[in-house]
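Below is one structure, written out as structure tokens, with a few remarks after it.
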Amino acid sequence: LIYELKDQNYKLAGMDYSLSAVAFAQAFNPGVDFYSGDFRTIEVPYKFDVVVLMEVLEHFIPEQIDGILKSISKMLHPDGKLLITVPSTNMKLSDKHYQHFTTASLANTIKSFFEIEEISGYAKNGIRTNIFNLLRNLGNLFYPFRREMKLAKTYFNYYKKYYEKHVATGEPEECKGLLAVCRKLNR
């Protein structure tokens, strides 16, 4: 995400518990500040307009989440936003996850420091996703020829539009993941 945003004139910083993950990110993002450590106690020398927790909340021990959210809240300007993506309960719980979320359970998890302003789902479940996966697998066969074959270009354009229309986003209850825009509670 930082790599994709670094040309947009934002002041960016990254955090991870793992020193090796931070070193990897630094290699691809020179000039960006990175921090490593316990999210409950980590401190940064500035405030943010937005903090993104992308597919990480489910990795935290539930009893530690309030401490983590308190720390994140301190990092944000008073009108700052927290963007969260998490797997929904429509996904099987993996060995590396402590929990998956519904709209209600996510709201309950963050309620001490944040309030959900907007929530949507991403990666729909269902027959259209199965069709998309079939299209993707079929497309993998002639992906190397996408520049030389007009039919391949047409196919990949169709494939992209199909994904955007039928798979990318939907109601939280019908999707594999949740995306929440959260407002900081200033208490």
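Here are some notes:
- Some residue of region 129-145 being over 27 Å from Ser88 (Cβ atoms) and part of a loop (DSSP other than H, G, I, E, B): no
- Here the condition is being open to solvent by 90 Å² or more (accessible area, probe 1.4 Å), in a helix (DSSP H, G or I) and over 18 Å from Val56 (Cβ atoms); of Lys74, Lys161, Lys92, it holds for Lys161 alone.
- Sole exception among (1) aliphatic (A, V, I, L, M); (2) in a strand (DSSP E or B); (3) modelled with pLDDT of 95 or more for Ala107, by number: (2)
- The residue pairs whose first member lies in region 1-25 and is open to solvent by less than 40 Å² (accessible area, probe 1.4 Å), whose second member is assigned to a helix (DSSP H, G or I) and β-branched (Val, Ile, Thr), and whose beta carbons are closer than 8 Å, counting only pairs six or more residues apart or on different chains, are Leu12/Ile2; Gly14/Ile2; Gly14/Val22; Ala25/Ile2.
- Restricting attention to region 55-71, the residues being within 18 Å of Met91 (Cα to Cα), out of contact with any helix residue (DSSP H, G or I) (no Cβ under 9 Å at 6 or more places or on another chain) and part of a helix (DSSP H, G or I) number 2.
- Looking only at region 95-104, and only at residues there that are in a loop (DSSP other than H, G, I, E, B) and within 17 Å of the chain's Cα centre (by Cα), the one that is modelled with the lowest pLDDT: Lys96
- Residue within region 150-162 that is touching a residue at least 40 places away in the same chain (Cβ under 8 Å) and out of contact with any Phe, Trp or Tyr (no Cβ under 6 Å at 6 or more places or on another chain) present: no
- Test: Ile119 is modelled with pLDDT under 95 and either on the phi < 0 side of the Ramachandran plot or not in a helix (DSSP H, G or I) (or both): no
- Tally of residues being among the acidic types (Asp, Glu) and out of contact with any Leu (no Cβ under 9 Å at 6 or more places or on another chain) across region 118-154: 1
- Looking only at region 171-184, and only at residues there that are open to solvent by less than 20 Å² (accessible area, probe 1.4 Å) and not aliphatic (A, V, I, L, M), the one that is farthest from Arg128 (Cα to Cα): Cys182
- Test: residue in region 31-50 that is of a type in the set (Val, Ile, Thr), open to solvent by 50 Å² or more (accessible area, probe 1.4 Å) and assigned to a strand (DSSP E or B): yes
For (1) surrounded by fewer than 16 Cβ atoms within 10 Å (Cβ to Cβ); (2) at pLDDT 90 or above; (3) farther than 18 Å from Leu179 by Cα; (4) within 18 Å of the chain's Cα centre (by Cα), each residue gets a yes or a no:
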{"position": "Leu83", "(1), (2), (3), (4)": "yes, yes, no, yes"}
{"position": "Pro87", "(1), (2), (3), (4)": "no, yes, no, yes"}
{"position": "Ser112", "(1), (2), (3), (4)": "yes, yes, yes, no"}
{"position": "Leu151", "(1), (2), (3), (4)": "yes, no, yes, no"}
{"position": "Asn157", "(1), (2), (3), (4)": "yes, no, yes, no"}
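- Some residue of region 125-137 being under 29 Å from Arg183 (Cα atoms), crowded, with 16+ Cβ neighbours inside 10 Å and touching a residue at least 12 places away in the same chain (Cβ under 8 Å): yes
The values are calculated or read from the model by the stated rules, or taken from the named source; none is laboratory data. What you see is a predicted model, and the numbers here were worked out from it, not measured in a lab. Heads up, the Cβs are rebuilt from the backbone with ideal geometry, glycines too, and the neighbour counts pull from every protein chain shown. With ligands, DNA and RNA removed, areas are computed over all heavy atoms of the protein, side chains included. Shrake-Rupley method; radii C 1.70, N 1.55, O 1.52, S 1.80 Å.
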